[in-house]
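**Student:** Sharing a structure with you now.
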Amino acid sequence: METMKQVELVAVEKFEEQEVQVPNIAEDEVLIEVETCGICGSDVHSYTGHHPFVDPPIVLGHEYAGIIKKVGNEVKDLEIGQRVTSEIVINCGECYNCRDGRYHICENGKYLGNVGWNGAMADYVVMKADKVHTLPETMSPKEGAMVEPSAVGIHAVRRSNFKVGDTALVIGAGIIGNLTAQSLKIAGARRVIVADVLEKRVQKAKEIGLKEVINTSEVNLKEWIEDSLGRENLDVIFDCVGFEETIDSAINIARKGSQIVIVGVPPLDVSVNMAYVQDRELDIIGSLQYIDKDYIRAIDFIDNGLLKVKPLITHTYNFSDYQKAFEMAISDEEAKKGRMKVLMDYN
């Protein structure tokens with residue numbers, strides 16, 4: 001019996017290292033040996049007990065790259081030895097959204113490393129073959145692990161009413177905010193304004209080529225928009241934080257008749273100014289994950305250099321140091337010092 005190591009979140013802020021049998025795969029699945037796994041903001045929320053939909057026990061990890069070790073008998077177009085990553089949804093294929101092409105919001109879905117399906121904090125992970133994407137030979141495992149968050153930003157832009165030549169505000173310059181802003185540039189934005197309270201994130205955004213980045217701990221964002229842009233020229237707002245304060249700020253800043261896209265994961269109970277939503281005919285929409293088109297674009301954009309992901313990877317730990325990696329990922333002090341993406345290296 002072949003065994004592997006996995007690290008299971010068994011309670012809030014409590015991991016348990018386990019030796020378990022390497023899982024068997026179904027006819028339509030592949031077994032992937034994990035090379036690199038990133039710690040997502042949603043993993044942090046799950047670890048600290050603040051994710052609205054994730055409960056222990058669960059093996060976390062959904063931003064990853066690895067090598068195919070086994071393929072099911074029904075699997076075509078995937079081969080042992082290929083470097084891959086994957087989407088995270090395991091969808092039913094039968095509900096309305098699956099039939100309508102929006103399988104990422106399946107009514108009966110399971111989600112890798114989140115709900116009902118163990119993730120990549122293990123030596124091996126099992127995934128449905130139709131959600132697996134091969135990576136170019138020129139792409140490193142670390143870049144491969146950045147495909148998932150990149151696809152989130154790309155999907156948010158495609159989900160919105162954004163049009164070429166529009167001006168957008170991105171609230172939050174963390175990983176998702178940064179990648180959403182980069183995606184807006186690729187999509188042809190006239191201006192992309194990025195706002196964050198942490199100076200190190202402001203500097204990182206400027207480093208990768210985002211020119212208008214505002215430190216809102218020093219500048220009143222609403223006043224800056226009115227004075228330097230004009231609210232009537234702001235076409236769409238992306239909230240990549242999801243805090244009550246940031247959502248309410250977006251509602252107060254938004255031009256009448258414009259759109260706000262919620263990309264960050266809010267808590268279950270949020271109190272915001274709904275009177276403005278009604279009175280100003282604001283469109284507030286949610287953006288969750290991605291579909292295959294977003295993954296294909298993310299891989300291509302990273303590979304050809306349009307999406308800059310390497311500068312966002314600030315810390316790498318050995319998988320055996322998973323506890324230290326999570327301590328780094330949840331630390332507010334380290335965020336102030338410039339921590340962005342934390343990866344775990346399995347080699």
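**Student:** Looking only at segment 212-234, count how many residues are in a helix (DSSP H, G or I) and not acidic (D, E). Before you say what the answer is, go through the steps one by one.
**Tutor:** Taking segment 212-234 first, the residues in a helix (DSSP H, G or I) are 221-228, 231-233.
Next, from what is left, pick out any that are not acidic (D, E): 221-222, 224-225, 228, 231, 233.
Adding up the residues that qualify gives 7.
**Student:** Where in segment 276-337 are the helices (runs of 4 or more DSSP H), entirely inside, with at least 3 residues that are over 17 Å from the mean Cα position of the chain (by Cα) and either surrounded by fewer than 13 Cβ atoms within 10 Å (Cβ to Cβ) or at positive phi (or both)? Full working, then the answer.
**Tutor:** Details: elements: 292-303, 322-330, 332-337.
Where helices (runs of 4 or more DSSP H) fall fully within segment 276-337 and carry at least 3 residues being over 17 Å from the mean Cα position of the chain (by Cα) and either surrounded by fewer than 13 Cβ atoms within 10 Å (Cβ to Cβ) or at positive phi (or both), they are 332-337.
**Student:** Another question, then. Can you tell me which of (1) of a type outside the set (D, E); (2) in contact with a His (Cβ under 8 Å, 6 or more places away or on another chain); (3) assigned by TED's automatic domain parsing to the domain that holds G109 is the one P267 doesn't meet?
**Tutor:** Of (1) of a type outside the set (D, E); (2) in contact with a His (Cβ under 8 Å, 6 or more places away or on another chain); (3) assigned by TED's automatic domain parsing to the domain that holds G109, only one is false for P267: (3).
**Student:** Also: Search segment 160-184 for residues that are over 16 Å from L307 (Cβ atoms) and pair each with any residue that is part of a loop (DSSP other than H, G, I, E, B) and of a type in the set (K, R) when their beta-carbon atoms are under 6 Å apart and the residues are at least 6 apart or on different chains.
**Tutor:** Cβ pairs passing all conditions: G165/R190; T167/R190.
**Student:** Kindly establish whether I176 is aliphatic (A, V, I, L, M), crowded, with 18+ Cβ neighbours inside 10 Å, in contact with a helix residue (DSSP H, G or I) (Cβ under 9 Å, 6 or more places away or on another chain) and within 20 Å of G286 (Cα to Cα).
**Tutor:** Values: aliphatic (A, V, I, L, M): yes; crowded, with 18+ Cβ neighbours inside 10 Å: yes; in contact with a helix residue (DSSP H, G or I) (Cβ under 9 Å, 6 or more places away or on another chain): yes; within 20 Å of G286 (Cα to Cα): yes.
Criteria met by I176.
**Student:** Can I ask one more? Of all residues being assigned to a helix (DSSP H, G or I) and of a type in the set (A, V, I, L, M) in segment 186-211, which is farthest from V170 (Cα to Cα)? Just the residue, please.
**Tutor:** Restricting attention to segment 186-211, the residues satisfying the condition of being assigned to a helix (DSSP H, G or I) are 186, 199-207.
When the remaining residues are screened for being of a type in the set (A, V, I, L, M), the result is 186, 202, 205.
Numbers: I186: 15, V202: 12, A205: 11 Å.
The qualifying residue farthest from V170 (Cα to Cα) is I186.
**Student:** Please work out which residue is nearest to F53 (Cα to Cα), limiting yourself to segment 237-282 and to residues that are out of contact with any helix residue (DSSP H, G or I) (no Cβ under 9 Å at 6 or more places or on another chain) and touching a residue at least 40 places away in the same chain (Cβ under 8 Å).
**Tutor:** L268
**Student:** Mind checking whether some residue in segment 235-244 is among the charged types (D, E, K, R), surrounded by fewer than 17 Cβ atoms within 10 Å (Cβ to Cβ) and modelled with pLDDT under 95?
**Tutor:** Filtering segment 235-244 down to residues among the charged types (D, E, K, R) leaves 235, 239, 244.
Checking the rest, the ones that are also surrounded by fewer than 17 Cβ atoms within 10 Å (Cβ to Cβ) come to 244.
Retained after the next criterion (residues that are modelled with pLDDT under 95): 244.
Yes, that holds for at least one residue.
**Student:** Is there a residue being more than 23 Å from D345 (Cβ to Cβ), modelled with pLDDT under 95 and small (G, A, S) anywhere in segment 35-42? Reasoning before the result, please.
**Tutor:** Filtering segment 35-42 down to residues more than 23 Å from D345 (Cβ to Cβ) leaves none.
No, segment 35-42 contains no residue that is more than 23 Å from D345 (Cβ to Cβ), modelled with pLDDT under 95 and small (G, A, S).
**Student:** Next question. Considering N91, N114, N108, which residue is surrounded by fewer than 20 Cβ atoms within 10 Å (Cβ to Cβ), polar (S, T, N, Q) and either outside the structural domain of I186 (by TED's automatic domain parsing) or closer than 26 Å to Q18 by Cα (or both)?
**Tutor:** Result of the check over N91, N114, N108: N108.
**Student:** Can you tell me which residue within segment 149-170, out of those that are crowded, with 24+ Cβ neighbours inside 10 Å and among the small types (G, A, S), is farthest from the chain's Cα centre (by Cα)?
**Tutor:** So the residue we want is A168.
The values are calculated or read from the model by the stated rules, or taken from the named source; none is laboratory data. Since the model is a prediction, treat every value here as computed from it, not as a measurement. Quick reminder, even Gly has a Cβ in these numbers, built from the backbone with ideal geometry, and neighbours come from all protein chains shown.
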